Amino acid sequence: MSDIFPSTAGADPSAGRSVGPETGGAAGGRAPRAGRNLPAAIAVGLGLLVVVAASLAFRPEPFVALAVLAVGAAVWELAKALERRDLHVPVLPLLVGTVGILVSSYYSGPEALLVSFMLTVAGVVVWRVIDGSGTAAVRDAAAGTFAAAYLPFMAGFVMLLLAQDDGRVKVLLFILLAVANDVGGYVAGVLFGRHPLAPSVSPKKSWEGLAGSFVLATGVGVVGAVVGLGASPLVGVALGILAPLTATVGDLAESMIKRDLELKDMGSLLPGHGGILDRLDSMLLTAPFVYVLLTMAV
């Protein structure tokens, strides 16, 4: 469950240069417009797509395990990043809570998602208070609560989707929408990008790139809804409009966090991509909306 191909959110915090297409500035003697090692990013992206597809091929449980590993790694990355602002998140209760939230969401439904999230927050707060009180404890507990809500709680909606009828097809469609959002935005941004979308947050994003995301995501949504789920094409259109909107907001939100922390990437585990959280950012906010839409419409 990751953004498979290179995303363009999270520009270098030092960026003060003029803005070109979504994936970089104008050509002509400058750095590659993708701003990444593109061959490595494509190779890693294809590898991730194969791993995700294999985990969904026969039974849903391997995907649950993969999700636990991915979200747990993202929790670790976020905790290490927050240390740059002297915020020390209680990692152990967060990791235990991540397992509990994702597994219980898949096996026991929405009520379990909410209850396990509340227990995780309680565990984070108690753990930090035992370690010491005062203003620092309040800040650390608040950061831990944010991490629990941002990562495992949002990812829990993917587990709810997986547990439904045709759950593996729905999750695969959800992931392909994320891929379409990235690829459509990348291609359109490189070819046509001229107008910055949010220059103060992510200078490499453009309105043209967003339009490309809408076009490709809508195509994928319609095919997936009709062929994969036997639903109305209008469901696919709704997915194609919704996914790029929420993905872009999620992308920009993580870019703002990284700028505040003075980071270019949350990690370096994935060559050409950054960290695990850099691949999950746009999907986290998208997950609950896709879950609600598919639950109501399919």
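If you go through region 280-292 one residue at a time, do you hit one that is open to solvent by less than 40 Å² (accessible area, probe 1.4 Å) and part of a strand (DSSP E or B)? Looking through region 280-292, none of the residues is open to solvent by less than 40 Å² (accessible area, probe 1.4 Å) and part of a strand (DSSP E or B). Note on region 43-61: residues that are of a type in the set (Ser, Thr, Tyr) and more than 20 Å from the chain's Cα centre (by Cα) total 0.
Only one of the listed residues (GLY109, GLY156) is small (Gly, Ala, Ser), under 21 Å from ASP278 (Cα atoms) and at pLDDT 95 or above. That residue is GLY156. The condition of being among the hydrophobic types (A, V, I, L, M, F, W, C) and without any contact (Cβ under 8 Å) to a residue 60 or more places away in the chain holds for only one of VAL190, VAL183, VAL226, that being VAL226. Taken together, VAL71, VAL75 contain a single residue that is within 13 Å of ALA143 (Cα to Cα) and in contact (Cβ under 8 Å) with a residue 60 or more places away in the chain, which is VAL75. Among the conditions (1) in a helix (DSSP H, G or I); (2) touching a strand residue (DSSP E or B) at 6+ places or on another chain (Cβ under 6 Å), LYS205 misses just one, which is (1).
Counting only residues that are part of a loop (DSSP other than H, G, I, E, B) and either at pLDDT 90 or above or touching a Leu at 6+ places or on another chain (Cβ under 8 Å) (or both), region 226-276 holds 7 of them.
The values are calculated or read from the model by the stated rules, or taken from the named source; none is laboratory data. Values in this document were obtained by computation on a predicted structure and should not be read as measured data. Here Cβ is always computed from backbone atoms with ideal geometry, including for glycine, and neighbour counts include all displayed protein chains. Note: areas computed on protein heavy atoms with side chains; ligands, DNA, RNA excluded. Shrake-Rupley method; radii C 1.70, N 1.55, O 1.52, S 1.80 Å.
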